[in-house]
Amino acid sequence: MPLHRLHVPPADVSGTNLRLALNTPAPHVLASATLAHPTGSELVLGVLGASHIVTVGTFSEQVSCHHVDDSTHLPAATEGPGYRMSSDTAVHDEKSFRRIAAQLRSRCELEIGWLGGSFPGDDAALTALCAEPDGPGWRWQTWHLYPEGGAGGMIVHTESRWRP
């Protein structure tokens, strides 16, 4: 899957404002990739404005600053029927942040099942997603990178699983 160099400023500029919304309509997707499951189902990875949406069938997971009224702050963990998600937010020093950003960019450019969107102004302003089949369902991870002007940056990482 490709790394898309997006020509729009990120709409979500702080990882602390991210929220989780399940099964809600998606805002405009800036980049997407569709993955096929051996059973015939499809999963769509989508990059929003420094945030993401993953859709499989009628289920969707959106981590963004949209849907403020009908979503919750990004929880450390949550579960529902057939679904679970965990998240972690960490601040990295400049060297570590740049190394992680470079690794994610490379994986998006070279590996199957990956999608990335980079934003203007800083090579490390990046949203990266990857997914793979997991039994009859799917599992995926996402990374949202927020540079802090030469002082490292914040990385919000999520891991999710969905099964019908």
Output the residues belonging to segment 84-122 that are within 23 Å of Val29 (Cβ to Cβ) and in contact with a His (Cβ under 6 Å, 6 or more places away or on another chain). Gly117
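Conditions (1) touching a residue at least 24 places away in the same chain (Cβ under 8 Å); (2) assigned to a helix (DSSP H, G or I); (3) crowded, with 22+ Cβ neighbours inside 10 Å, marked per residue:
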residue: Ser96; (1), (2), (3): yes, yes, no
residue: Ala102; (1), (2), (3): no, yes, no
residue: Leu115; (1), (2), (3): yes, no, yes
residue: Leu129; (1), (2), (3): yes, no, yes
residue: Thr142; (1), (2), (3): yes, no, yes
residue: Thr158; (1), (2), (3): yes, no, yes
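Each row is one residue, and each column tells you yes or no for (1) closer than 18 Å to Gly116 by Cα; (2) more than 15 Å from the chain's Cα centre (by Cα).
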{"position": "Pro27", "(1), (2)": "yes, no"}
{"position": "Ser32", "(1), (2)": "yes, no"}
{"position": "Gly49", "(1), (2)": "yes, no"}
{"position": "Ile53", "(1), (2)": "yes, no"}
{"position": "Gly57", "(1), (2)": "no, yes"}
{"position": "Ser64", "(1), (2)": "yes, no"}
{"position": "Leu74", "(1), (2)": "no, no"}
Going through segment 129-164 in order, the residues found to be aromatic (Phe, Trp, Tyr) and closer than 16 Å to Asp88 by Cβ are Trp140, Trp143, Tyr146
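From the list Val56, Val63, Val29, Val44, which residue is touching a residue at least 40 places away in the same chain (Cβ under 8 Å) and either small (Gly, Ala, Ser) or under 16 Å from Thr127 (Cα atoms) (or both)?
Values: Val56 fails: either small (Gly, Ala, Ser) or under 16 Å from Thr127 (Cα atoms) (or both); Val29 fails: touching a residue at least 40 places away in the same chain (Cβ under 8 Å); Val44 fails: touching a residue at least 40 places away in the same chain (Cβ under 8 Å).
Going through Val56, Val63, Val29, Val44 in turn, just one is touching a residue at least 40 places away in the same chain (Cβ under 8 Å) and either small (Gly, Ala, Ser) or under 16 Å from Thr127 (Cα atoms) (or both): Val63.
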Flagged in segment 26-46 as in a strand (DSSP E or B), surrounded by 16 or more Cβ atoms within 10 Å (Cβ to Cβ) and small (Gly, Ala, Ser), in numbering order, are Ala31, Ser32, Ala33, Gly46
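Read-outs throughout are calculated quantities, based only on the coordinates presented, and are distinct from any laboratory measurement. What you are looking at is a predicted structure, and each value in this text was computed from that prediction instead of being measured. Note that each Cβ is placed from the backbone with ideal geometry, even for glycine, and that neighbours are counted across all protein chains shown.
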